[in-house]
Amino acid sequence: MNPSNKRSSKNKVLGIVALVGVAAVAAVVLMAPKPEEKVAEAALPPVADILYAEPGRHTLLVPSQGSVHARHEIEVVARVGGVIESVSDAFVPGGFFQKSDSLLQIEPADYRYQLTRAQSQVANAAATLAQEEGRAKQAKREWRDLGSETANALFLRKPQLAAASAALDAAKADRDQAKLDLERTAVKAPFAGRVVETLVDIGQYVTAGTKLARIHSVGVAEVRLPLTDHQLSLLELPLGRAIENGPAVRLSANLAGQSREWRGQIVRTEAAIDPNSRFVYAVAQVQNPYQGDAPLINGLFVEAQIAGKTYDDITLLPRQALHEGDHILVLNEENQLGFRDVELLQAVGEEVWLRGDIATGDKVVISSLGYSREGMVLSPNPLNEQPSGLFLGEKTQEKETEAEASGGSSASAQGAY
């Protein structure tokens, strides 16, 4: 065979093989499954905790604090001197006593003797006065018998009569003083109260003016409550005049391991502003502080809540709902974020009391957002129930409005025809 023919046949075979390979590759490519096109998922808006606002009528509670002290606290002082003969069982620190109870007795014997002598002086002065009155009458008769119309005052014993009358008055005064000193040997309580501290004891000699004890009353307890100028603006307290029917006060404290409460009333404000703190002090009174389960003990530190002004449009929210002290974040019907200016009336614990453009059912954001801008969309996560009937009422009102508009148009059309 011709070598050129062999070469030609070989080339043909190689060409056929190449075509078959290309066809096979094309078939594989065409028959291979096409990859599915991935659709980009829409980004979900950030989730934010919200509370449905419920403005309502609330009375502000203005907080303060102070220590309890009795309405009256005095030092008992001896009015007369002598040896303390006896003391009452209540004459101990913490002892209770009633008004006019005898706390201690000073030896009275010397004062009884003084009273007896004073009574004797009264009797002598009375006798002397009676004698002078008789002599004055006799002198007057004698002068009249002489036939003279004018008489000498000395002859009629008028000076002697006046002196005798004055001596009787002085003797009676001495008797009364002796009687008073005798009564003062029994040291009596001027009010119902409690002994704070005793300074003497039985058998001790005291003089007039010696301090015997310190006592305080138990009928009324008082608490001085400091108030700032802003707090005063939240209270209905008349300044510069007497307070009648002052605001109610709730006092609370932990006593004997339990939380206790007492009710009182603001009765006055003090006469001056404290020069150091610039506070105005209001005074609350509690009647009969030792009655009930827990006594309002003198010196106890208490927290106070004073009833302030009442408003119809106050909204209570957590502290984190308030931003920069003057606005809150609210979501509209499309869950778009908006800002609302508000007025902070007060903060109580972890709660703020706000007033402003807040409607019932507004979705107030209470989450801490890292970034916020007007109009951004959030996904609300309600933490309370939506006020009942709010949106139903709105929809009903809209339907009624549409029905009225539709009925009015039909009536107008009928009238036109």
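Using the structure shown, decide if residue 320 is open to solvent by 20 Å² or more (accessible area, probe 1.4 Å) and either of a type in the set (Asp, Glu) or not in a loop (DSSP other than H, G, I, E, B) (or both).
The answer is yes for residue 320.
Any residue at all in segment 38-59 that is modelled with pLDDT of 70 or more, within 27 Å of residue 283 (Cβ to Cβ) and of a type in the set (Lys, Arg)?
no
Checking residue 329 against (1) modelled with pLDDT of 90 or more; (2) of a type in the set (A, V, I, L, M, F, W, C); (3) out of contact with any His (no Cβ under 6 Å at 6 or more places or on another chain); (4) within 30 Å of residue 262 (Cα to Cα), only one condition comes out false. Which one?
Failing condition for residue 329: (4).
Among (1) assigned to a loop (DSSP other than H, G, I, E, B); (2) at pLDDT 90 or above; (3) open to solvent by 30 Å² or more (accessible area, probe 1.4 Å), which single condition is residue 289 missing?
Evaluating residue 289 over (1) assigned to a loop (DSSP other than H, G, I, E, B); (2) at pLDDT 90 or above; (3) open to solvent by 30 Å² or more (accessible area, probe 1.4 Å) leaves (3) as the failure.
Residues 340, 355: which one is at pLDDT 85 or above, within 26 Å of the chain's Cα centre (by Cα) and open to solvent by 20 Å² or more (accessible area, probe 1.4 Å)?
The conditions single out 355.
Look at segment 232-270 and say how many of its residues are hydroxyl-bearing (Ser, Thr, Tyr) and over 22 Å from residue 346 (Cα atoms).
Adding up the residues that qualify gives 1.
Among the residues in segment 58-71, are any open to solvent by less than 50 Å² (accessible area, probe 1.4 Å), under 30 Å from residue 331 (Cβ atoms), touching a strand residue (DSSP E or B) at 6+ places or on another chain (Cβ under 8 Å) and not in a loop (DSSP other than H, G, I, E, B)?
The answer is yes; a qualifying residue exists.
Considering (1) surrounded by 15 or more Cβ atoms within 10 Å (Cβ to Cβ); (2) at pLDDT 85 or above, say which one residue 377 fails and leave the rest.
Of the numbered conditions (1) surrounded by 15 or more Cβ atoms within 10 Å (Cβ to Cβ); (2) at pLDDT 85 or above, the odd one out for residue 377 is (1).
Filter segment 96-132 down to the residues that are open to solvent by less than 90 Å² (accessible area, probe 1.4 Å) and of a type in the set (D, E, K, R) and list them by number.
The answer is 101, 107, 132.
Select from segment 347-373 the residues that are in contact with a Phe, Trp or Tyr (Cβ under 9 Å, 6 or more places away or on another chain) and at positive phi and list them in ascending order.
Within segment 347-373, just 361 meets the criteria.
Confirm whether residue 79 is of a type in the set (Lys, Arg), open to solvent by 50 Å² or more (accessible area, probe 1.4 Å) and not in a strand (DSSP E or B).
It is true that residue 79 is of a type in the set (Lys, Arg), open to solvent by 50 Å² or more (accessible area, probe 1.4 Å) and not in a strand (DSSP E or B).
When residues of segment 231-245 are filtered for being on the phi < 0 side of the Ramachandran plot, part of a loop (DSSP other than H, G, I, E, B) and open to solvent by 50 Å² or more (accessible area, probe 1.4 Å), how many remain?
Result for segment 231-245: 5.
So which residues in segment 82-95 are in a loop (DSSP other than H, G, I, E, B) and open to solvent by less than 60 Å² (accessible area, probe 1.4 Å)?
88, 90, 91, 94, 95
Taking residue 309 and the conditions (1) in contact with a Ser or Thr (Cβ under 8 Å, 6 or more places away or on another chain); (2) open to solvent by less than 80 Å² (accessible area, probe 1.4 Å); (3) within 30 Å of residue 369 (Cβ to Cβ), which numbered condition does it fall short on, given that it satisfies the others?
Failing condition for residue 309: (3).
Assess whether residue 278 counts as being open to solvent by 30 Å² or more (accessible area, probe 1.4 Å) and over 30 Å from residue 81 (Cα atoms).
When the stated conditions are applied, residue 278 passes them.
Of the residues that sit in segment 201-221 and are surrounded by 20 or more Cβ atoms within 10 Å (Cβ to Cβ) and closer than 18 Å to residue 185 by Cβ, which one is farthest from the chain's Cα centre (by Cα)?
By that ranking, first place goes to 206.
Return the total of residues in segment 246-266 being assigned to a strand (DSSP E or B) and surrounded by 18 or more Cβ atoms within 10 Å (Cβ to Cβ).
The number of residues fulfilling the criteria is 6.
The values are calculated or read from the model by the stated rules, or taken from the named source; none is laboratory data. The model shown is predicted, which means the values in this text are computed figures rather than measured ones. Neighbour counts run over all protein chains shown; Cβ positions are idealised from the backbone, glycine included. Note: areas computed on protein heavy atoms with side chains; ligands, DNA, RNA excluded. Shrake-Rupley method; radii C 1.70, N 1.55, O 1.52, S 1.80 Å.
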